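The structure appears below as structure tokens.
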Amino acid sequence: MVKPIYDVLKTDHDTHRDLLEKLSQTEGDSPERQILWRKFYCDVSAHAAAEEESFYGELITTEKGQPRARHSVAEHKEIDDILQELNDTDMSPPGWLLRFKTLRHEYEHHIDEEEEEIFQRAHKTIGEDENGEIAREFLTRKNKERELETQKAEGALEA
Ligand SMILES: [Fe+2]
Ligand SMILES: [Fe+2]
């Protein structure tokens, strides 16, 4: 039995909060930072893509939910830009952590807003997702994204 989408998203957000906290305590180009960053980068990218397709895909079809859905998708784009930038930048100089702090701030704001404001709106418009239908859609897309990431990483190693 799949849980409602709200629980599934919240669980992911808590994982991301935890990774952000751990990452903030890492230094330079350490293996620890690399491993945590890879985890965070892959999971947040897959989460956002799946969230857009399932949760926001539903919310955007409702009159009251549409502005919120658009706002969040725009934030995903901004967050993704910083994610890519950090992913392409050398981790050794202190500038990396500085930029990471901006990402942390933006991302935490984003997920707090999702949980505190957008979920409330969604409860009233798209409902409770008691049977986990939206959650299943989310999980299927997220798994697909993760597979693509793995293939890409393997391709990069072979090249
Ligand atoms: Fe989001
Ligand atoms: Fe989210």
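Bear in mind that the values in this text are calculations on the coordinates, not laboratory data. Predicted model, so just to flag it, every value in this text is computed and none were measured. Heads up, the Cβs are rebuilt from the backbone with ideal geometry, glycines too, and the neighbour counts pull from every protein chain shown.
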| query | Given the pairs Lys64/Lys101; Lys77/Lys144; Lys10/Lys152; Lys22/Lys124, which span a C-alpha to C-alpha distance of over 24 angstrom in this model? | reply | Lys64/Lys101; Lys10/Lys152; Lys22/Lys124
| message | Suppose the chain between Asp112 and Lys144 were pulled fully straight at 0.36 nm per residue; how much longer would it get relative to their current alpha carbon spacing? | response | 8.9 nm
| field | Alpha carbon centroid spacing (whole Å) that separates region 121-145 from region 47-90 | value | 15 Å
| Distribution of pairwise C-alpha distances over the chain, 10 Å bins, in % | 10, 38, 33, 15, 3
| field | Distance histogram in 10 Å bins (all Cα pairs of region 1-77, percent per bin) | value | 17, 40, 28, 12, 2
| said: Kirkwood Rh over alpha-carbon pairs of region 55-105, then Stokes-Einstein at 37 °C and 0.692 mPa s: what D in µm² s⁻¹, rounded to an integer? | reply: 262 µm²/s
| said: Residues of region 82-98 with the amide nitrogen closer than 19 Å to a label point 7 Å from the Cα of Arg38, along Cα-to-Cβ, please. | reply: 83-92
| note | Among region 1-21, those whose backbone N falls under 16 Å of a label point 7 Å along Cα→Cβ from Phe119 are 3-18
| query | Are there GluC sites (Glu not before Pro) in region 38-102 that DSSP puts in a loop and that have at most 13 other Cβ atoms within 10 Å, and which ones? | reply | Glu63
| field | Helix axis angle, 31-51 relative to the chain longest principal axis, alpha carbon, degrees | value | 20 degrees
| message | Along each principal axis of its Cα atoms, how long is region 94-159 end to end? Whole angstroms, biggest number first, please. | response | 48, 31, 11
